[in-house]
1. Would you point out the residue of segment 36-78, among those that are of a type in the set (Lys, Arg) and more than 20 Å from LEU201 (Cα to Cα), that is nearest to the chain's Cα centre (by Cα)?
2. Inspect all residues belonging to segment 264-279 and state whether any of them is closer than 27 Å to HIS71 by Cα and part of a helix (DSSP H, G or I).
3. Among ARG48, ARG73, which is the only one that is among the basic types (Lys, Arg) and surrounded by fewer than 19 Cβ atoms within 10 Å (Cβ to Cβ)?
4. List the residue pairs whose Cβ atoms are under 8 Å apart, where the first residue sits in segment 229-244 and is more than 15 Å from GLY60 (Cα to Cα) and of a type in the set (Gly, Ala, Ser), the second is part of a helix (DSSP H, G or I) and modelled with pLDDT of 80 or more, and the two are 6 or more positions apart or on different chains.
5. If you go through segment 40-54 one residue at a time, do you hit one that is among the basic types (Lys, Arg) and in contact (Cβ under 8 Å) with a residue 24 or more places away in the chain?
6. Taking segment 127-143 only, how many residues are of a type in the set (A, V, I, L, M), surrounded by fewer than 20 Cβ atoms within 10 Å (Cβ to Cβ) and modelled with pLDDT under 85?
7. For segment 12-56, which residues satisfy the criterion of being in a helix (DSSP H, G or I) and polar (S, T, N, Q)?
8. Condition first: modelled with pLDDT of 85 or more and farther than 23 Å from ILE59 by Cα. Now tell me which residues in segment 175-185 satisfy that.
Amino acid sequence: MSPNTGGVTAERKKWVYLFVLSIIWGTSYILIKKGLEGFTPLQLGSLRVVLAASFLFVIGFRSIRTIQRHHWRWVALSGFVGSFAPMFLFAFAETEIDSGVTSILNSLVPLFTLLVGLMAFGVRFTRQQMLGVLVGLAGALLLVGLGTDINPDQNYAYAGLVVLATLCYGCNANIIKSKLQEVSPMGIAVGNFATILLPALIVLPLSGFFDKTVLTGTHFWSSFGYIVLLCIIGTCIAKVMFNKLIQISSAVFSVSVTYLIPLVGIFWGMLDGERFTMGQFLAAMVILLGVYLVNRKRATSSSAAT
């Protein structure tokens, strides 16, 4: 066997992981949209938590042992801001705005990760990174403004829910980085859903999920299938794959998934009949330019630390 075989294999694997993750996460937004055909946002959000918790408990419950007593408050906070709130926010947002636009706005996560790190955790930043934040936010405003003109029947105020969800993700990234470094990635995931399962179990029946009109609805089983697929692949498998990608590549390479997810989201949206113009494409490029400027320094620093 050639001494370079292992390196070549790892090189191929990281590209496979990158593209598979891009497809999985980019597809998540159209799956949410299809899930809303049979469920309300409250039903969809709570069902996602219950199903994802069930799957994670089956495949990784033992990893909960890596969580020490002093970690639990941060694990709980991470669960609510990193999973519980975003699942509902995205569901409500997609009742009014297209799934493709949602996938683009989700690219704001690295920008808010930097801002939250700066304001709450004392993370240092460069002028280039701050410029990236401003550029990204300008792109988001442009995207929303264009969407209002292109789809006047849609309420683009709901785009604010996606922005709020990305802010939650930014908070979660900083919590994990600064407070949960000693806990295994699977342990964090299982602990997150262990803390948010009870609220979801309360919301699910209160949302009317078990009403006869819902259970016998035309789209019940198809929407349920979309949500199961979203939970198994988009939550459980993708989390494990992303952790593996970080192990076999660099932080710089791993964050490249941010640039590919919107392309997949737009593709599925257009197949489903959503309108997407050249102006929106340019706005998306402005957002991704901002993400690039922010990640350029942060990702390099993270890579050097590993």
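The values are calculated or read from the model by the stated rules, or taken from the named source; none is laboratory data. These numbers come from a predicted model, not from an experiment. Quick reminder, even Gly has a Cβ in these numbers, built from the backbone with ideal geometry, and neighbours come from all protein chains shown.
1. Per the criteria, the residue is ARG73.
2. Restricting attention to segment 264-279, the residues satisfying the condition of being closer than 27 Å to HIS71 by Cα are none.
Scanning segment 264-279, I find no residue that is closer than 27 Å to HIS71 by Cα and part of a helix (DSSP H, G or I), so the answer is no.
3. Testing whether each residue is among the basic types (Lys, Arg) and surrounded by fewer than 19 Cβ atoms within 10 Å (Cβ to Cβ) leaves just ARG73.
4. Cβ pairs passing all conditions: GLY234/ILE24; GLY234/TRP25; GLY234/THR27; GLY234/SER28; GLY234/LEU31.
5. Yes; the residues of segment 40-54 include at least one that is among the basic types (Lys, Arg) and in contact (Cβ under 8 Å) with a residue 24 or more places away in the chain.
6. Within segment 127-143, residues that are of a type in the set (A, V, I, L, M), surrounded by fewer than 20 Cβ atoms within 10 Å (Cβ to Cβ) and modelled with pLDDT under 85 number 1.
7. At the first step, the residues of segment 12-56 found to be in a helix (DSSP H, G or I) are 12-35, 41-56.
If the condition is that a residue be in a helix (DSSP H, G or I) and polar (S, T, N, Q), then SER22, THR27, SER28, GLN43, SER46, SER54 are the ones that fit.
8. Those that are modelled with pLDDT of 85 or more and farther than 23 Å from ILE59 by Cα: ILE175, LYS179.
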